[in-house]
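Structure, as structure tokens:
Please treat every number below as a calculation from the coordinates, not as lab data. Just so you know, these numbers come straight off a predicted model, no measurement behind them. Don't worry about glycine lacking a Cβ; one is built from the backbone with ideal geometry, like all the others, and counts go over all protein chains shown.
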């Protein structure tokens with residue numbers, strides 16, 4: 001069942017990368033805002049989020065972290081740094097909004113939504129690699145699914 005949901009999500013994700021908007025929405029001083037209107041109040045660090053998640057599969061949280069990269073094609077996802085040096089893939093609810101495609105690396109973001117442990121299928125990993133501009137060799141080297149933390153954001157703030 002989990003694999004079916006991952007494949008279904010991957011198919012929806014692939015289609016969603018071709019539509020929607022990455023225009024900033026609500027006004028929060030010092031931040032560009034995307035998606036649902038949120039504030040930075042009450043956000044926890046990625047380290048605290050990981051600690052609170054513990055052995056749970058998912059939880060709703062408002063978290064702040066550092067953007068590593070965004071989708072260079074449409075801004076339909078972003079990677080946020082985790083305390084162990086890995087990254088967490090951030091997607092957006094109903095792909096109803098996107099973030100800028102460049103210039104966000106190293107910026108602080110605040111996201112509200114659901115963090116989950118998810119098995120990412122090979123096809124979706126390859127799709128992400130293509131969106132990130134990876135070489136054919138790097139994409140072809142992806143052979144195994146990956147279990148990682150993912151985040152489905154209702155709203156995102158990016159510090160300006």
Separation between Cα centres of the stretch 46-93 and the stretch 108-139, rounded to whole Å
11
Descending packing, highest mean Cβ count within 10 Å first, for 99-112, 66-79, 124-137 is 66-79, 99-112, 124-137
